[in-house]
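Take a look at the structure below.
The values are calculated or read from the model by the stated rules, or taken from the named source; none is laboratory data. Keep in mind it's a predicted model, so treat the numbers as computed, not measured. Note that each Cβ is placed from the backbone with ideal geometry, even for glycine, and that neighbours are counted across all protein chains shown. Areas reflect the complete protein model, heavy atoms only, side chains present, ligands, DNA and RNA absent. Shrake-Rupley method; radii C 1.70, N 1.55, O 1.52, S 1.80 Å.
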Amino acid sequence: MKKIFIMMACVATMLVGCSKDDDTNKDNNASDTPTVQLKDNQASLDGKVYDVESSVGWQINADDENRYFVDAVNEEFTIRFDLYQSIRDKVVNLADPMSAGTDISLMINREGFYFDQEIHPRDNYVGYTVTIGEEETQGEGSAFRTGTLKVHHTDDSDFSAELTGTLINGRTIALKVNVPKDSIDIWSSGK
């Protein structure tokens, strides 16, 4: 029980420094999802919108499934996804991430703070790590109360990804990434 309480306290402070313009209107009902409308290459943390510089690395693997490495960066934080190609054109329920059927890693890195949500259906594991300062908390399951992740890409299209979610502590996160086809960094692992 103590571990759960500590984890919730850590996740609660996860987005420290984000604007909280009007907490009196925030409803923490589990069915809530962020309502912020984002333009391409923007992120929202607790309703505060940030422009981000987005990039995608597409690793073509000879012996395994192809992977995407997606970064959304600004001066305050970095958001990174590591995704397998089989996620394309699926809607992943982040509250039940095993439904994705493929491995996903989501990381958020800010000064003095690190969050990592790992989803590994192949190994039957979902868990997270939150590090604030030098204190680390780990837990099993999803740190998302609600949320979705959608990814679209074909060999002939831009890469796009949209995430919207509410964490178990009521904090919200949203991200909209678009990287033009000719800006996708493609590399091959050994054949």
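Quick one: is residue 132 surrounded by 21 or more Cβ atoms within 10 Å (Cβ to Cβ), in contact (Cβ under 8 Å) with a residue 24 or more places away in the chain and β-branched (Val, Ile, Thr)? So residue 132 does not fit the description; no. Pairs are defined by a Cβ separation below 7 Å, a sequence spacing of at least 6 or placement on different chains, a first member in the range 75-93 that is more than 15 Å from residue 173 (Cα to Cα) and hydroxyl-bearing (Ser, Thr, Tyr), and a second member that is at pLDDT 90 or above and open to solvent by 50 Å² or more (accessible area, probe 1.4 Å); the pairs so defined are 84/67. If we scan the range 113-125, do we find a residue that is within 22 Å of residue 42 (Cα to Cα), open to solvent by less than 60 Å² (accessible area, probe 1.4 Å) and in contact with a helix residue (DSSP H, G or I) (Cβ under 7 Å, 6 or more places away or on another chain)? No, there is no match, as no residue in the range 113-125 is within 22 Å of residue 42 (Cα to Cα), open to solvent by less than 60 Å² (accessible area, probe 1.4 Å) and in contact with a helix residue (DSSP H, G or I) (Cβ under 7 Å, 6 or more places away or on another chain). If the condition is being under 10 Å from the mean Cα position of the chain (by Cα) and either of a type outside the set (Val, Ile, Thr) or at pLDDT below 90 (or both), then the range 73-117 contributes 80, 81, 82, 94, 105, 106, 107, 115, 116, 117.
Of the strands (runs of 3 or more DSSP E) that lie entirely inside the range 45-107, those containing 3 or more residues that are open to solvent by 60 Å² or more (accessible area, probe 1.4 Å) span 48-51.
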